[in-house]
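Engineer: I have a structure I would like to understand better, so I am pasting it below and will then ask my questions one at a time.
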Amino acid sequence: MKIARPLSGLFKKQPKRRMDHAPLNELSESRYKVEQFVSEDPFTKGKYTQHRILSVCVDGIKVITSCESDVIEEIFWKDILQFNLKESWTEWEIVLKDRRKLYFKCEKAFDIHCKTDNILDGIIRNNRSNDFSEEF
């Protein structure tokens, strides 16, 4: 007489899986309608705003015209020093390694901040699992 062992498969050693870019495929591009504070001086916050679209993806952040006809600036993750979400949760700032700052205003600034955090976590996890030590 045999005794059924329905849970025996749980305790078997599973073969090691190689990590690939599959987790990064889940990090799809997100686009947000924002207002960018513009100034002639790239180091200060401007008084006037321009309608823009921010595209947040695995490669970095793209600033696109509101009609989506042109990419104004493409910012790779390695060029970004930090992000700042202002206390109002409607203003978001990107500080670049070349000391320039980009200022944006949007009702979904918190969502943009969380999306960038999510993508960076995914990239870092993927790099660690693939034993990459270079800067992304």
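Engineer: What residue, among those in region 90-105 that are in a strand (DSSP E or B) and of a type in the set (Val, Ile, Thr), is nearest to Val34 (Cα to Cα)? Spell out how you get there, then give the answer.
Structural biologist: Of region 90-105, the ones in a strand (DSSP E or B) are 91-96, 101-105.
Next, from what is left, pick out any that are of a type in the set (Val, Ile, Thr): 94-95.
Working: Ile94: 13, Val95: 17 Å.
The qualifying residue nearest to Val34 (Cα to Cα) is Ile94.
Engineer: Report yes if Thr44 is hydroxyl-bearing (Ser, Thr, Tyr), over 18 Å from Ile112 (Cα atoms) and exposed (fewer than 15 other Cβ atoms within 10 Å of the Cβ), otherwise no. Give the derivation first.
Structural biologist: Working: hydroxyl-bearing (Ser, Thr, Tyr): yes; over 18 Å from Ile112 (Cα atoms): yes; exposed (fewer than 15 other Cβ atoms within 10 Å of the Cβ): yes.
Yes, satisfied.
Engineer: Output the residues belonging to region 38-59 that are in contact with a helix residue (DSSP H, G or I) (Cβ under 7 Å, 6 or more places away or on another chain), at pLDDT below 90 and under 17 Å from Leu96 (Cβ atoms). I'd like the intermediate steps shown before the answer.
Structural biologist: Start the filter on region 38-59 by keeping residues that are in contact with a helix residue (DSSP H, G or I) (Cβ under 7 Å, 6 or more places away or on another chain), which leaves 54, 56, 58.
So of that shortlist, the ones also at pLDDT below 90 come out as 56, 58.
Within region 38-59, Val56 is the sole residue that qualifies.
Engineer: Ok, one more. Looking at region 74-101, which of the residues that are more than 15 Å from the chain's Cα centre (by Cα) and without any contact (Cβ under 8 Å) to a residue 24 or more places away in the chain is surrounded by the most Cβ atoms within 10 Å (Cβ to Cβ)? Full working, then the answer.
Structural biologist: Restricting attention to region 74-101, the residues satisfying the condition of being more than 15 Å from the chain's Cα centre (by Cα) are 86-91, 97-101.
In the following step, the residues that additionally are without any contact (Cβ under 8 Å) to a residue 24 or more places away in the chain were identified as 86-91, 97-98.
Working: Lys86: 12, Glu87: 6, Ser88: 8, Trp89: 14, Thr90: 15, Glu91: 18, Lys97: 10, Asp98: 9.
Here the residue is Glu91.
The values are calculated or read from the model by the stated rules, or taken from the named source; none is laboratory data. As the structure is a prediction and not an experimental result, all values here were calculated from the model. In this analysis, Cβ positions are derived from the backbone assuming ideal geometry, glycine residues included, and neighbour counts consider all displayed protein chains.
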